[in-house]
Amino acid sequence: NEQAFVEGRILELEHMLAQAKIIEPGQSTEMVRIGSTVVVSESGGPPETYTIVGAAEADPKQGLISNESPLGQALLDHREGEEVQVHAPAGMLHFRVVKIK
């Protein structure tokens with residue numbers, strides 16, 4: 001059973017490597033894209049900085065959020081100054097895109 005699990009994981013990793021694309025950080029400061037570092041502010045709260053990354057690289061404690069997370073999905077394709085609504089497990093949250101680096 002353990003060997004079957006390991007072989008399945010190897011196939012999964014090989015597939016990920018075959019589909020991988022290198023995305024240079026900070027390519028566009030016009031719109032939020034994967035690789036963008038974004039400063040957001042939640043309704044009157046202090047600004048928070050996040051970098052949008054792929055799911056395999058996500059580490060929220062380090063400010064790296066997945067493009068598949070609720071906040072990551074909501075931020076994609078938005079510009080500085082725009083309001084973003086996030087459908088989160090805690091309910092509807094509202095953020096403003098302060099800056100794109």
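Could you give the angle, 0 to 90 degrees to the nearest 10, between helix 2-19's Cα long axis and the longest principal axis of the Cα atoms of the chain? Between helix and principal axis, roughly 50 degrees. Expressed as a whole percent, the accessible surface of the chain that belongs to carbon and sulfur atoms is 53, based on a 1.4 Å probe.
Summing Lys, Arg as +1 and Asp, Glu as -1, what charge do residues with Cβ under 12 Å from the Cβ of Ala20 carry, Ala20 excluded? Around Ala20, the charge tally is -1.
Each of the peptides 68-76, 49-57, 80-88 was scored by the mean count of other Cβ atoms within 10 Å over its residues; in descending order, highest first, they stand as 68-76, 49-57, 80-88. Other residues whose C-beta falls under 15 angstrom from the C-beta of Val97 contribute a net charge of -2, scoring Lys and Arg +1 and Asp and Glu -1.
In the chain, Cα pairs under 8 Å separated by at least six residues give a relative contact order of 25 percent. If R0 is 35 Å, the Cβ-Cβ spacing of Glu30 and Ala90 corresponds to a FRET efficiency of close to 0.70.
The values are calculated or read from the model by the stated rules, or taken from the named source; none is laboratory data. Just so you know, these numbers come straight off a predicted model, no measurement behind them. Note that we place each Cβ from the backbone using ideal geometry, even for glycine, and neighbour counts take in every protein chain shown. Heads up: the accessible areas ignore ligands, DNA and RNA and are worked out on the full protein's heavy atoms, side chains in. Shrake-Rupley method; radii C 1.70, N 1.55, O 1.52, S 1.80 Å.
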